[in-house]
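Structure first, then comments.
All of the numbers you see were taken from the coordinates with simple rules; none came from a lab. Note that the structure is predicted; figures quoted are calculated from it, not measured. Counting neighbours? That spans all protein chains shown, and the Cβs are built from the backbone with ideal geometry, glycine included.
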Amino acid sequence: MTLLTELELIAMRSMQAQGLPETVIIQRCSLESDGAGGSVETWTEAGSVGGRIGLIGKSEQERMIAERLGISQGYMVTLPAGTDIGEQDRLTIDGRTFEVVGVVRGSWETARRAVCKEVL
């Protein structure tokens with residue numbers, strides 16, 4: 001079995017990055033005191049990267065995943081490999097906001113993919 005070399009993986013990531021035309025702003029939530037003993041969610045920009053967004057549900061497997069997550073219309077956002085993103089984050093793309101509901105990671109990652117739902 002032939003394994004990928006580090007140089008081959010770098011080349012694949014570079015090629016993948018060329019197909020990420022959108023600017024994706026990553027947002028993180030922090031809780032701040034509301035002055036009355038409670039807290040208020042505040043979303044702040046944690047960074048921005050190139051990305052690509054598409055509808056989830058083109059295949060039967062994707063539709064089943066979306067249904068299990070309780071999403072009527074899901075989105076798959078593709079980001080550069082190693083992007084620091086988690087299920088507590090939000091993404092803003094072209095003025096639209098998406099909540100990350102799952103992150104797809106794997107060995108020899110050439111891109112990081114996030115399953116999202118739109119925040120209306």
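Here the range 33-120 is treated with +1 on each Lys and Arg Cβ and -1 on each Asp and Glu Cβ, and its dipole about the Cα centre works out to around 360 debye.
Amide H contacts under 5 Å for G102: V115, restricted to partners 5 or more places along the chain or on a different chain, H placed in the peptide plane at 1.01 Å from N. Using a simple spin-label model with pseudo-atoms 7 Å out from Cα toward Cβ, E22 and E6 lie 3.3 nm apart.
The calculated 222 nm mean residue ellipticity attributable to helices in the chain amounts to -5000 deg cm²/dmol, summing -39500 (n - 2.57) over DSSP H runs of n ≥ 4 and dividing by all residues.
In sequence order, the range 73-84 has phi-based couplings of 9, x, 10, 10, 10, 9, 10, x, 3, x, 4, 6 Hz under the Karplus curve 6.51 cos²θ - 1.76 cosθ + 1.60, θ = phi - 60°, and Gly or Pro positions carry x. In angstrom, the C-alpha Rg and Dmax of the chain are 16.5, 62.
Cβ-Cβ distance of R105 and A46, R₀ of 25 Å, FRET efficiency by 1/(1 + (r/R0)^6): the value works out to about 0.85. Compared with the alpha-carbon gap, the fully stretched path from D94 to L55 is longer by 12.5 nm at 0.36 nm per residue. Per residue, the average separation of C-alpha pairs within less than 8 Å and at least 6 apart gives the chain a relative contact order of 25 percent. Among the chymotrypsin sites (Phe, Trp or Tyr not before Pro) found in the range 1-105, not one is both in a DSSP coil and sparsely packed, with 16 or fewer other Cβ atoms within 10 Å of its Cβ. When the Cα positions of G74, L120, V101 are compared along the charge dipole of the range 51-120, G74 comes out farthest toward the positive end, with charges on each C-beta of Lys, Arg, Asp and Glu. Within the range 66-110, report the trypsin sites (Lys or Arg not before Pro) that DSSP leaves as loop and that have at most 14 other Cβ atoms within 10 Å. Those that pass, being in a loop and sparsely packed, are R105.
Orientation-averaged projection of the range 15-79 equals 6.5 nm² [convex hull of Cα atoms, one quarter of hull surface area].
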